[in-house]
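The values are calculated or read from the model by the stated rules, or taken from the named source; none is laboratory data. Predicted model, so just to flag it, every value in this text is computed and none were measured. Positions of Cβ are generated from backbone atoms using ideal geometry, with glycine treated the same way; all protein chains shown enter the neighbour counts. Surface accessibility is based on the protein's heavy atoms, side chains included, excluding ligands, DNA and RNA. Shrake-Rupley method; radii C 1.70, N 1.55, O 1.52, S 1.80 Å.
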Amino acid sequence: MKEDRSPSKLIPLTEWHKHHEWPPLGGLRHLVFFAKDNGFDKVTRRVGRRVLLDERAFFEWVEAQNAQP
């Protein structure tokens, strides 16, 4: 299988709902707050005070959560 090396889309946390219905903003903020504990730090990118979400990394994180027993 060929891996896609194109840059992933970075979406500001507050604009996630414009691109995807789930999870809601409150759920995302919860995930970001506990990012070190739940592994969500692989999804977040910080630029100053702004929190951006790596779209591809988010869906990879979701799949990894499903794979855990």
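Brief remarks on what is shown
- The chain, Cα convex hull volume normalised per residue, Å³: 111
- Accessible area per residue in Å² at 1.4 Å probe, computed on the chain: 79
- The label point for residue 14 and the one for residue 38, both projected 7 Å from the Cα toward the Cβ, are 2.1 nm apart.
- Using a probe radius of 1.4 angstrom, the carbon and sulfur fraction of the accessible surface of the chain is 54%.
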